[in-house]
1. Name the helices (runs of 4 or more DSSP H) wholly inside region 53-116 in which the number of residues that are within 16 Å of Arg136 (Cα to Cα) and at pLDDT 95 or above is 1 or more.
2. Which residue pairs have Cβ atoms under 6 Å apart, sit 6 or more places apart or on different chains, and have a first residue in region 225-238 that is in the same structural domain as Arg198 (by TED's automatic domain parsing) and a second that is of a type in the set (A, V, I, L, M) and surrounded by fewer than 21 Cβ atoms within 10 Å (Cβ to Cβ)?
3. List the pairs whose first member sits in region 348-361 and is free of Cβ contacts under 8 Å to residues at least 40 places away in the same chain, whose second member is assigned to a loop (DSSP other than H, G, I, E, B), and whose Cβ atoms are under 9 Å apart, counting only residues at least 6 apart or on separate chains?
4. Does region 326-349 contain at least one residue that is farther than 21 Å from Leu270 by Cα and surrounded by 21 or more Cβ atoms within 10 Å (Cβ to Cβ)?
5. Please work out if Met132 is touching a residue at least 24 places away in the same chain (Cβ under 8 Å) and either exposed (fewer than 15 other Cβ atoms within 10 Å of the Cβ) or under 19 Å from Ile74 (Cα atoms) (or both).
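The values are calculated or read from the model by the stated rules, or taken from the named source; none is laboratory data. Here the structure is a predicted model, which means the values were calculated and not measured. Cβ placement follows ideal geometry from the backbone for every residue including glycine, while neighbour counts extend to all protein chains displayed.
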Amino acid sequence: MANAFRFERGASDGSARTGIIRTPRGNIRTPAFMPVGTAATVKAMLPGSVRATGADILLGNTYHLMLRPTAERIDRLGGLHRFMNWDGPILTDSGGFQVMSLGALRKLDADGVTFKSHIDGSKHRLTPERSMEIQRLLGSDIVMCFDECPSLPADRDRIAASMRLSMDWAARSKAAFGDRPGHALFGIQQGGLEPDLRAESAERLREIGFDGYAVGGLAVGEGQAAMFDCLDYAPGQLPEDRPRYLMGVGKPDDIVGAVARGIDMMDCVLPSRSGRTGQAFTRHGVVNIRNARHANDPRPLDEACGCPACRGYSRAYLHHVSRSKEIIGSMLMTWHNLHYYQDLMAGMREAIASGTFASWQVEFHAARVAGDIAPL
């Protein structure tokens, strides 16, 4: 069926795997990194520039878009794809994480969440049904269930109650989503760092049935070691024949570790946010281009990188425009970071397909340990 959403498994190497998510708006090669377009834009980038980095899919933020310019306005203007001039797939989060992070500005009950806008203090209500309605108005290709995500650390009773509430909301999200050919609904596993609660959540999600499954509730303060411990078992609790999405991750070594543990999709604001503050991700680790040692350096950020920042500009120039807070500095640094992340995903896909992922990981970590060497 041409308009069907489906996941086709590819090669495997250990727990790492490749695949293709087929959607009516285009294919998504996995493992996939999704640049974050919070407010219908990947900051400092044109949509065509994002596509040129190798990105197959973007993420949009339900919470921010429902407040400004509103989902209803975007719908009247032809949907989110037309509104932001992106013709590829879009995944929208449910708004749950952002609402939960509002602290005193929100009030939780069994039906949903009432909160005050961080923009103007106006009162709003999000329920599973309203989240599904907003994401339908936006027209996203992959829709996320509405869930609650507690910060870690948290006591077991709080995590268990939150997980069970999220599973009730998952069932309501599925009912409200309805029958939408070509669009997918992902469930979100919760349970903190408790294996039995994660298993209970996965079993409930399987019973409801989703097009894909996310590992939620990580990258919320638990640290990388604890996250990896959880990922050693959590992806395996989810169906093998569906995409597995780790939400809000992360740094390059987080991503590599997640892929090694069976994750197919990730998103994070880090490459774009860091680019705007003068931080570049390279094969040799993080480079702070605003440091004085780059002021007279004629080399590119990364001699092996094919992005416009590395092909056409020196570290000295990038240092200058970043220190001067020129807009082109944010543009070039963000383009480089997004290009690096997509190169990282492509490198992992190739290594998994060729059965060399273990040696690829060794080389990846060795290059980072060596670090960014200053010129003699």
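1. Correct list: 62-67, 71-76, 80-84.
2. From residues that are in the same structural domain as Arg198 (by TED's automatic domain parsing), the pairs are Ala226/Leu193; Cys230/Leu193; Gln237/Ala199.
3. That search, which allows pairs on different chains as well, returns Glu350/Thr356.
4. Yes, there is a match, as at least one residue in region 326-349 is farther than 21 Å from Leu270 by Cα and surrounded by 21 or more Cβ atoms within 10 Å (Cβ to Cβ).
5. The answer is yes for Met132.
This table checks each residue for (1) modelled with pLDDT under 95; (2) assigned by TED's automatic domain parsing to the domain that holds Gly14; (3) part of a strand (DSSP E or B).
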residue	(1), (2), (3)
Ser173	no, yes, no
Arg206	no, yes, no
Phe210	no, yes, no
Ala219	yes, yes, no
Ile255	no, yes, no
Ala280	no, no, yes
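Listed here are the residues, each with its yes/no results for (1) hydrophobic (A, V, I, L, M, F, W, C); (2) in contact with a Ser or Thr (Cβ under 9 Å, 6 or more places away or on another chain); (3) outside the structural domain of Glu350 (by TED's automatic domain parsing).
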{"residue": "Arg17", "(1), (2), (3)": "no, yes, yes"}
{"residue": "Pro24", "(1), (2), (3)": "no, no, yes"}
{"residue": "Val36", "(1), (2), (3)": "yes, yes, yes"}
{"residue": "Leu77", "(1), (2), (3)": "yes, no, yes"}
{"residue": "Met84", "(1), (2), (3)": "yes, yes, yes"}
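Quick grid of which residues meet (1) aliphatic (A, V, I, L, M); (2) farther than 23 Å from Glu200 by Cα; (3) surrounded by 15 or more Cβ atoms within 10 Å (Cβ to Cβ):
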{"residue": "His118", "(1), (2), (3)": "no, yes, no"}
{"residue": "Gly121", "(1), (2), (3)": "no, yes, no"}
{"residue": "Met144", "(1), (2), (3)": "yes, no, yes"}
{"residue": "Arg158", "(1), (2), (3)": "no, no, no"}
